[in-house]
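Working notes, structure below.
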Amino acid sequence: MQEAIILVGGKGTRLRPLTNHTPKPLLSVAGSSFIRHQIAKLMDAGVEHVVFATSYLASLFEEEFKDFSQDLAISYAVEEVPLGTGGAIRNAGRLLRGDDPDAPVLILNGDILSGVDLRALLERHETQDADVTLHLTRVLDPRAFGLVPTDEDGRVLSFLEKPKTAAEIVTDQINAGCYVFRRSVLDAIPADREVSVEQETFPQLVAGGGRVFGHTTQEYWRDLGTPLAFVHGSADLVSGRATSPLVDGPSEALIHPTAVIDPTARVTGGSTIGAHAVIGAHVVVDRSIIGAHVTVAEGAQVHESVVDHDSTIGEESLLREVVVGCHSHVGAQNELPAQLRLSCGIRIPAQGVRVSGTAVACPTVH
Ligand code: GDD
Ligand code: MG
């Protein structure tokens, strides 16, 4: 039986306020919670049992899957205190059902959108008789990731998590957050304390001569852990740049059947419009996620942004690379600066914020 572990215990701090009430893997991406896309991909690769390594808002995972009726067993390894990525893997390993010490166990970070062929990764692991096989990819800026140089046979030479200095950036090849572990190697991770698989387990395995191999591929890959990456990942799934068994064919936008879109509005770039959302006349929504029960009023523009459920965007307001928490209100004619995050329940009055042009005349009597 092929088994897998998904690490989903992180707090998702870089995605606040979206993750205030919802763990990152349960956020909606292209119409389904992100973890459902991962589950569908694992099932396509022949996985029959998945263990979720949960911690932050753990009960919401059981809630999400309580009616799951497909041919996949799901277990929950709940950490009362987060155990770190290595500790989480070891802890989840207790719930695996097989008992072969050489069995290959698939492990995924819970925020990776990737076109990697998981069967090919498993095959590579077996062919190399590896202790651990890491999926690796190349990125333009590797600083936010684990650097993994390899030799010509793909053997991992070192593992350096999040380099701090320019001298440490020895490669653009990074850990793509998807591994195959030999079961006995997974079971050898310490069980009595917090362990980081990136800072501790991988460097120690490499230094100790373990058979650690990289499987480098060029397919689509993105870590959805930051707001911009999150909206881009969702838009890529809708527009077909990235694929998921849960998304039918490429389209310009994914619009919930209960949403009401004015015929003069333009919803483009793989945007998603949630249930009961109302999109007004002459609105532009591009490469964005509009949550359930959101209203975007006439003439507003939303670019590369997330507007969480039950919020309103006033007439002629402009949002670019902004995250609006749930139950917020942005009044008319605001221009919100890039990277702004509006906490849940915040109200910005009409004409309250501008980043360009002239502010409105001063209403105060002097
Ligand atoms: N159960 C559990 N317990 N899960 C955890 C814990 C924990 O204590 N800490 C983190 N996680 C989960 C997160 O929920 C996420 O799914 C995954 O582990 C990775 O954590 P991130 O916070 O997303 O890490 P990152 O993106 O900074 O870096 C990781 O991913 C990169 C690829 O995207 C590292 O593995 C890097 O080496 C890698 O390049
Ligand atoms: Mg991440």
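The values are calculated or read from the model by the stated rules, or taken from the named source; none is laboratory data. Owing to the predicted nature of the structure, the values given are computational and were not obtained by experimental measurement. Here Cβ is always computed from backbone atoms with ideal geometry, including for glycine, and neighbour counts include all displayed protein chains. Ligands, DNA and RNA are stripped out before the accessible areas are found, and what is left, the full protein with its side chains, is counted by its heavy atoms. Shrake-Rupley method; radii C 1.70, N 1.55, O 1.52, S 1.80 Å.
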### Among (1) touching a helix residue (DSSP H, G or I) at 6+ places or on another chain (Cβ under 9 Å); (2) within 16 Å of ligand 1 (Cβ to nearest atom); (3) not charged (D, E, K, R), the one test that residue 214 misses
(1)
### Task
Scan the range 118-148 residue by residue and report those that are farther than 17 Å from residue 177 by Cβ and surrounded by 15 or more Cβ atoms within 10 Å (Cβ to Cβ).
123, 128, 130, 131
### Task
Search the range 88-117 for residues being assigned to a loop (DSSP other than H, G, I, E, B), among the aliphatic types (A, V, I, L, M) and open to solvent by less than 40 Å² (accessible area, probe 1.4 Å), and hand back the single one that is nearest to ligand 1 (Cβ to nearest atom).
116
### Query
From the set of residues in the range 186-245 that are touching a Lys or Arg at 6+ places or on another chain (Cβ under 6 Å) and of a type outside the set (A, V, I, L, M, F, W, C), which is surrounded by the fewest Cβ atoms within 10 Å (Cβ to Cβ)?
226
### Query
Which members of the range 309-366 meet the condition of being open to solvent by 60 Å² or more (accessible area, probe 1.4 Å), in a strand (DSSP E or B) and within 20 Å of residue 228 (Cα to Cα)?
320, 341
#### Entry: Odd one out for residue 85 among (1) touching a Ser or Thr at 6+ places or on another chain (Cβ under 7 Å); (2) open to solvent by less than 30 Å² (accessible area, probe 1.4 Å); (3) within 16 Å of ligand 2 (Cβ to nearest atom)
(2)
### Query
Taking the condition within 22 Å of the chain's Cα centre (by Cα), in a helix (DSSP H, G or I) and among the acidic types (Asp, Glu), does residue 198 pass?
yes
### Task
With respect to residue 141, determine if the residue is away from ligand 1 (no atom under 14 Å from the Cβ), of a type in the set (Asp, Glu) and assigned by TED's automatic domain parsing to the domain that holds residue 74.
no
### Query
Which residue, of 177, 240, is closer than 25 Å to residue 306 by Cβ, in contact with a Pro (Cβ under 6 Å, 6 or more places away or on another chain), modelled with pLDDT of 95 or more and not assigned by TED's automatic domain parsing to the domain that holds residue 304?
240
### Query
Looking at 61, 34, which one is within 13 Å of ligand 1 (Cβ to nearest atom), crowded, with 20+ Cβ neighbours inside 10 Å and under 14 Å from the mean Cα position of the chain (by Cα)?
34
### Message
If I filter the range 287-299 for residues that are under 22 Å from residue 31 (Cα atoms), free of Cβ contacts under 8 Å to residues at least 24 places away in the same chain and assigned to a loop (DSSP other than H, G, I, E, B), do I get at least one hit?
### Response
yes
### Criterion: small (Gly, Ala, Ser), within 14 Å of ligand 2 (Cβ to nearest atom) and open to solvent by 20 Å² or more (accessible area, probe 1.4 Å) - qualifying residue of 46, 10
10
### Summary
Result of the Cβ filter at 6 Å on the range 105-129, keeping first residues that are more than 16 Å from ligand 2 (Cβ to nearest atom) and partners that are assigned to a helix (DSSP H, G or I), at least 6 apart or interchain, is 105/183; 105/186
#### Entry: Given (1) within 14 Å of ligand 1 (Cβ to nearest atom); (2) open to solvent by less than 60 Å² (accessible area, probe 1.4 Å); (3) in a helix (DSSP H, G or I), number of the condition residue 77 does not satisfy
(3)
## Note on the structure
Residue set 72, 26; condition within 16 Å of ligand 2 (Cβ to nearest atom) and either in contact (Cβ under 8 Å) with a residue 24 or more places away in the chain or closer than 20 Å to residue 309 by Cβ (or both); output residue 26
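Return the residues of the range 99-121 that are over 16 Å from residue 6 (Cβ atoms) and modelled with pLDDT of 95 or more; say none if nothing qualifies.
Within the range 99-121, 100, 101, 102, 103, 115, 117, 119, 120 qualify.
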